[in-house]
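Novice: Okay, handing you the structure first.
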Amino acid sequence: MFNPLRCLVLAALLASGAAAAADPAKVLHAYFEAPETGFDPAAYSDRYSLDVTSNIYETLLGYDYLARPQKLVPLAAEALPQIDENGKRFTFRIRQGIYFTPDAAFGGKPRELTAQDFVYSLQRLVDPTGKAPWDFMLKGKVIGLDEKIDAAKKSGKFNYDQPIDGLRAIDRYTLQIRLKKTDYNLPNILAAPATAAVAREVVQQYGADFDAHPVGTGPYVLKEWKRATRIVLQANPQFRGASYSPAPGAQGVDAEVARQLAGKSLPRIGTIDIRIIESAQGSFLAFESGELDVLQGLGAEFTRIVAPGGKLGAAYVKRGVRYFREPEADLTYLQFNMDNPVLGGYAPEKIALRRAIAMSLNQAKAIAVIGNNQALAAQSPIAPGITGYDSGFKNVLGSYSPARANALLDRFGYRDRDGDGWRQLPDGKPLAITYTTQTGGDRRDYEEFLVKSLKAIGIKLDIRKMPFSELVKTRQSGQYQFAGAAWGADYPDAENFMQLLYGPNAGPGNESRFRSKEFDRLYEDIATSPDSPARNAKLRQMSRIVAAYAPWIVNSHRIRTSLAQPWISGYKPHPDNMPHYLYLDIDPAIKAAAARH
């Protein structure tokens with residue numbers, strides 16, 4: 001059993017409350033590099049929507065802000081869970097005195113968070129009548145939950161009121177989760193933003209418009225939203241207040257940031273003003289002019305200006321700008337729709353086509369020239385810093401070889417039969433491939449790289465563009481042939497990446513719709529196994545299966561370069577990639593002095 005005193009680590013209750021800590025005169029100016037979709041934590045998986053919901057809603061557990069590697073700590077729970085039955089029963093005690101902000105759904109009053117809110121919210125992740133892309137987190141694991149899912153598929157309605165043995169509120173503040181199989185990874189899952197508690201009354205009050213009316217218990221509330229343009233968050237006056245001290249046993253803590261946070265009641269900043277700036281040049285110039293307080297993703301093309309040779313330039317040092325450069329726990333990849341009649345399928349000629357496309361891409365050149373070396377070459381679906389990552393694994397399709405690609409296509413019947421310079425399918429029909437990507441941003445160089453690479457092996461590539469939110473929907477619904485994607489860790493374990501290729505998740509989770517019985521069997525094994533050499537061997541085999549069938553072309557693990565203005569304190573990029581506004585502060589005197597110069 002875990003020591004309940006750990007509940008003091010992350011969010012100690014403060015008598016003063018959040019309203020006294022957050023200064024309404026302080027406004028943090030931030031940005032997103034792509035538009036958000038909506039603010040229902042169970043409904044959306046795009047990073048920008050989660051960036052907002054992670055500051056409005058709260059999960060049972062979280063991660064120590066400064067610990068590297070990541071370390072679980074209690075959030076809405078009083079302590080880390082009591083784990084029994086060899087990792088099949090988890091008991092959480094919900095912290096008392098946490099309140100949802102006042103809303104019409106509660107008669108205009110606040111309402112206390114209870115264990116039943118988590119029972120309801122976790123079930124929303126697997127409701128087949130909804131649009132949640134997160135069912136992989138609990139499906140096939142919780143006792144009685146799969147039966148409810150099957151019943152909902154037949155009836156067209158999910159029965160939230162039907163009790164199940166695996167997910168129960170024992171009393172007002174005690175939540176118990178019972179699993180079919182041992183899974184010590186469940187606490188990590190329950191720190192993911194999608195598992196945050198929402199109030200059933202609010203969901204029912206606003207219906208289809210719920211994602212525009214987030215009502216949570218976290219440090220901020222939504223004050224204003226102009227879709228794809230501007231999001232304004234305001235410090236939650238109902239928030240109980242928090243403080244920070246490193247968790248017992250935490251490693252890699254940034255001593256300077258810890259000093260800045262010591263003894264402070266949080267949050268400090270009254271308003272977070274987020275603008276959508278899709279141009280890397282636009283965000284860079286906004287930071288240069290002081291219009292942005294934090295630049296959490298410096299465009300690769302500007303790193304030569306700010307930090308030549310990976311070292312912050314003298315002019316920026318003189319200004320007091322803080323510089324952060326570290327690999328992200330993420331993966332960028334190209335994915336094929338395995339249900340597409342041209343690129344999908346498991347016949348030898350279909351696999352050959354995907355492999356040839358993979359071999360036509362000079363990934364090292366793309367990283368060095370287009371990405372300005374702001375990434376590490378990926379070899380497998382698993383990111384660095386994640387349990388199960390193998391730095392020694394090498395992808396057999398990682399070698400750039402147009403000659404081998406052309407030979408492979410010739411062998412399997414993809415030939416230029418009419419002499420126009422473009423290959424046809426083995427049956428003589430046109431070979432037409434469309435790459436679906438998002439509008440905005442500076443992606444022209446990468447798009448040209450793809451077009452030229454495929455041209456070198458006789459394949460014509462068309463580019464189809466759409467807004468980011470539409471791109472996500474298009475990929476999840478399978479209405480594409482070939483598309484780029486990226487995945488940042490929801491929790492620091494290989495399962496979170498491999499679930500993207502698990503057959504039963506085909507659809508919103510497994511966007512490539514890859515199905516392999518061998519891969520699925522291995523996934524089911526690793527999903528219930530603790531970290532071990534045997535588990536890592538299975539993960540390597542899964543990576544080899546992905547390379548063999550090529551539903552994905554793994555590209556890179558991005559290196560994120562972030563900048564903070566000299567008047568910002570408490571800032572430290574976190575491996576979960578969420579913006580932890582709770583910890584940031586602004587020094588008005590330093591900002592005023594900078595403006596004078």
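Just so it is clear, none of the values below were taken in a lab; they were calculated from the coordinates. Everything quoted here is computed from the prediction, not taken from an experiment.
Novice: Could you run the Debye sum over the Cα atoms of the stretch 221-294, one equal point scatterer each and no solvent, and tell me log10 of I(q)/I(0) at q = 0.13 Å⁻¹, two decimals?
Specialist: -0.63
Novice: With no solvent and one point on each alpha carbon, what is the Debye value of log10 I(q)/I(0) for the stretch 393-512 at q = 0.12, 0.16, 0.18, 0.22 Å⁻¹?
Specialist: Log10 of I(q)/I(0), two decimals: -0.60, -1.02, -1.17, -1.27.
Novice: When only alpha-carbon atoms count, how far does the stretch 528-597 stretch along each of its three principal axes, as whole angstroms with the largest first?
Specialist: 60, 28, 15
Novice: While we're here: Can you give the helix-only mean residue ellipticity at 222 nm for the chain, where every DSSP H stretch with n ≥ 4 adds -39500 (n - 2.57) and the sum goes over all residues, rounded to the nearest 500 deg cm²/dmol?
Specialist: Here the helix-only value at 222 nm equals -7500 deg cm²/dmol.
Novice: Same structure again: If you build the convex hull over the alpha carbons only and average its shadow over all orientations, what do you get for the stretch 37-106? Give it in nm² to one decimal.
Specialist: Numbers: hull surface 28.2 nm².
That works out to 7.1 nm², a quarter of the Cα hull's surface.
Novice: Going by amide H atoms built from the backbone, whose H comes under 5 Å of the H on Lys26, apart from near neighbours?
Specialist: Gly270, Thr271
Novice: Taking the Cα atoms of the stretch 74-120, report the difference between the largest and smallest coordinate on each principal axis, in whole Å and largest first.
Specialist: 44, 18, 11
Novice: Further question: Rounded to the nearest Å, what's the spacing between the alpha carbon centres of the stretch 262-313 and the stretch 111-138? Just the number, please.
Specialist: One Cα centre to the other: 34 Å.
Novice: For the pairs Lys311/Lys538; Lys365/Lys465; Lys71/Lys365; Lys429/Lys452, flag any whose C-alpha to C-alpha distance is greater than 30 Å.
Specialist: Going by Cα-Cα distance, Lys311/Lys538; Lys71/Lys365 fall outside the 30 Å limit.
Novice: Also, quick follow-up: Give the average over all directions of the projected area of the C-alpha convex hull of the chain, one decimal, in nm². Present the calculation step by step, with values, prior to reporting the outcome.
Specialist: Values: hull surface 107.9 nm².
So the Cα hull casts an average projection of 27.0 nm².
Novice: Over all directions, how big on average is the projection of the convex hull of the alpha-carbon atoms in the stretch 43-174, in square nanometres?
Specialist: Reported value for the Cα convex hull: 9.8 nm².
Novice: Can you grab the distance from the C-alpha centre of the stretch 25-65 to the C-alpha centre of the stretch 385-429, Å, no decimals?
Specialist: Here the answer is 39 Å between Cα centres.
Novice: Using only the Cα atoms of the stretch 287-328, what are the Rg and Dmax in Å?
Specialist: Rg, Dmax (Cα atoms, Å): 10.2, 28.
Novice: Taking the C-alpha atoms of the stretch 104-225, how large are the radius of gyration and the largest Cα-Cα span, Dmax, in Å?
Specialist: Rg then Dmax for the stretch 104-225, in Å: 14.8, 44.
Novice: Which three lengths, in whole Å and largest first, does the stretch 451-597 cover when its Cα atoms are put on their principal axes?
Specialist: If we take the Cα atoms of the stretch 451-597, the spans are 63, 45, 28 Å.
Novice: Please give every one of the aspartates and glutamates within straight-line cross-link reach of Lys148, meaning a C-alpha to C-alpha distance under 12 Å, and leave out same-chain neighbours fewer than 8 residues apart.
Specialist: Asp127, Asp161, Asp165
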